[in-house]
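Below is one structure; the comments refer to it alone.
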Amino acid sequence: MRVGIGQINALVGAMASNADRILEQIGAARNAGCDLVVFPELAIPGYAPLDLAWRPGFVEACEQAVERIREASSGIGVVVGTIVSKPRREGVNRADLSAVADGGEIDLYNVAVVIDDGRELARIAKSHLPCYDVHDETRYFSPSPGVEIVPFRDAKLGIAICEDLWVGDGPIEIQASLGADWVINPSASPFYVGKPAIRRSLVARRAAEHGVGIVYVNLVGGQDDVVFDGGSFAVDADGRLLHQAPQFEEGVTTFDLERGNDRATPEPTDVDQLCAALVLGVRDYVRKNGFASVLLGVSGGIDSAVVCTLAVDALGPDAVTGVYLPSRFSSEESREDARDLAERLGITLLEIPIAEIHEAVRAALPEPPGGLVDENIQPRIRATIWMALANERNALLLCAGNKSEIAMGYNTLYGDTAGAIAPIGDLYKSDVYAVANLYADRIPRRIREKPPSAELRPNQRDEDDLPAYAVADPLLRELIERNASRAQLLDRGYAAGTVDHILRRYYTSEYKRRQLPPALKVTPKAFGIGRRVPITHGYRD
């Protein structure tokens, strides 16, 4: 059997245009001689539609797309993900208006529709609904009432949707026991560094455990703060790789189940995958929201240099404008570095001094501001100018904050936190340097090597206010991604003073994080939907 894998870059809620892409890929698979073409989880509505799934007409539009696909399936089989609904028969709360507004009288199902030559063979619902990190499927979907296999021509197929593969003793074991020849796993699995290797290892293990080949089909593209990396693949019943589709690319790839055609390909490094994810995330965020260009502050520092380079790779230099806004504390070195970067990247750089504006704001206040108050005035002036220029040019403003700063609140609310998207908001400072070094041909060495500074007071350095990033970043990884407690951090060798300083800043900065732009997720736990902490609380452990 010849199989096509359709990695589509879906736009959430654009059922008609998503169906158009699916139909194009069905045609390509048919032309390549495929018997079956498989698409990712929720390929029709996109992942994840969140509360849009409850909007009047949403599920009906999904059904219309399924019908178009069925009619276009002449001579070929199709597996495609969508949403279906059924009236809720029990447990209906009609007393609370919020329950009624949120789909209180219907059950939604995350399903894969199996079609062959114009005939719908089955609708298989997802059994295991994840509710962790970016996933909140138990809020929207009901689980499958059972597990089955689908006869398809001369084969028996198991359909196990995304999380159904990750759960041990789950649907795949049952489908294998029912005689499935192959299991199809339509997925919408978000990327983080290291995730592709975890998937391949897991799928190979499941295949060998149950003696059944598995075709893993993943979504590709950016959706808000999440990036799907594609990287679909197939393994045989011994867990050996038969086929590997590219990462971060939309399109159809084909292979023969009996023979395969692609063995292992060179594995990109973690930093290469990281950069590819960020570039795709920026490109899709900008373009899917109807914009063509971006603007960002270029300070001559490492963070804005990395964000600017990513934006150029995502959109091209003509779509990127840098803005250098020197204050009386800005060094000549920073001006030179900002200009050098802009020249290397081929972008337009605007320079607008803010020293006089700063003095005018100081003069307007009842008392001359000093210390942190005076420092924060400067980034807020910059943010006002950035936003005015972005509005004038119908461009999106990029925020250049990194995860280390965001975690410790080392940023100015309504200042350097302004923006529509934070491309490196899930990168610790050490990761920012790793990306900058990958871009060493375009980011000047002096930017990559000089000590970081906000330049909001004379001779300022980040490490005057914070623990050294070499110390803070490993601690923050333990705290945010592994949920380590104070006691565990002390047991792992971190100094008590450093732990307490970072914990205090971490907990008291949540109000800032709630008001930051979305950050592209590239670690197991990103701020936002992935790591949620109350603003008001007294916990400090």
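For the stretch 121-254, what does the alpha-carbon gyration tensor say about shape, rounded, prolate or oblate, given a ≥ b ≥ c as the root eigenvalues, a/c under 1.5 as rounded, and a/b over b/c as prolate? The shape class here is oblate. Neighbours of Val111 by Cβ distance under 13 Å: Lys/Arg scored +1, Asp/Glu scored -1, total -4.
How would you rank 452-458, 321-327, 148-154, 160-166, highest first, on the average number of other Cβ atoms within 10 Å across their residues?
Packing proxy ranking, top to bottom: 160-166, 321-327, 452-458, 148-154.
Annotation note: trypsin sites (Lys or Arg not before Pro) in the stretch 459-491 located in DSSP loop regions with a Cβ neighbour count of at most 13 within 10 Å are Arg461, Arg482. What's the local net charge at Gln273, with K and R +1, D and E -1, over the other residues with C-beta under 10 Å away? Spelling it out: positives minus negatives among the neighbours equals -3. When peptides 523-533, 366-376 are sorted by average Cβ neighbour count within 10 Å, with the highest value leading, the order is 523-533, 366-376. Dipole magnitude for the chain: computed about the Cα centre from +1 point charges on Lys and Arg Cβ and -1 point charges on Asp and Glu Cβ, it is near 420 debye.
Looking at the stretch 1-90, the trypsin sites (Lys or Arg not before Pro) that sit in a DSSP loop and have at most 13 other Cβ atoms within 10 Å of their own Cβ are Arg89.
Relative contact order of the chain: what whole-number percent is it, with Cα pairs under 8 angstrom and at least 6 residues apart?
11 percent
In whole percent, what relative contact order does the stretch 478-530 give with Cα contacts below 8 Å and a gap of six or more residues? Across the stretch 478-530, relative contact order equals 32 percent. Within straight-line reach of Lys450, meaning a Cα separation under 21 Å, sit the following lysines at least 8 residues removed in sequence or on another chain: Lys403, Lys429. Can you give the % of DSSP beta bridges in the chain that are antiparallel, to the nearest 5? Antiparallel: roughly 55 percent of the beta bridges in the chain. Here Ala16 and Asp102 are evaluated by their C-beta separation; at R0 = 30 Å the FRET efficiency comes out at 0.75. The lysines whose alpha-carbon is closer than 30 Å to the alpha-carbon of Lys156, local same-chain residues fewer than 8 away aside, are Lys86, Lys126, Lys195.
The packing ranking of peptides 74-83, 46-55, highest mean first, is 74-83, 46-55, where packing means the average number of other beta carbon atoms within 10 angstrom of each residue. In degrees between 0 and 90, to the nearest 10, how far off the longest principal axis of the chain does helix 15-31 point, with axes built from Cα atoms? Value to nearest ten degrees: 60.
With the simple model of a label 7 Å out from the Cα in the direction of the Cβ, Glu71 to Tyr539 spans 5.3 nm. For the stretch 177-262, trypsin sites (Lys or Arg not before Pro) meeting the loop criterion (DSSP other than H, G, I, E, B) and having at most 15 other Cβ atoms within 10 Å: Arg240, Arg259. A full extension of the chain between Glu90 and Arg446 corresponds to an added length of 121.6 nm, given 0.36 nm per residue minus the alpha carbon distance. Between Tyr132 and Leu372, residue separation times 0.36 nm minus the direct Cα-Cα distance comes to 82.6 nm.
Compared with the alpha-carbon gap, the fully stretched path from Arg328 to Ile352 is longer by 7.4 nm at 0.36 nm per residue.
Modelled label positions at His501 and Asp465, each set 7 Å beyond Cα in the direction of Cβ, lie 1.4 nm from each other.
Here, each number is a calculation from the coordinates, and none is a lab measurement. What you are looking at is a predicted structure, and each value in this text was computed from that prediction instead of being measured. Ideal geometry is used to build each Cβ from the backbone, glycine not excepted, and the neighbour counts take in all protein chains shown.
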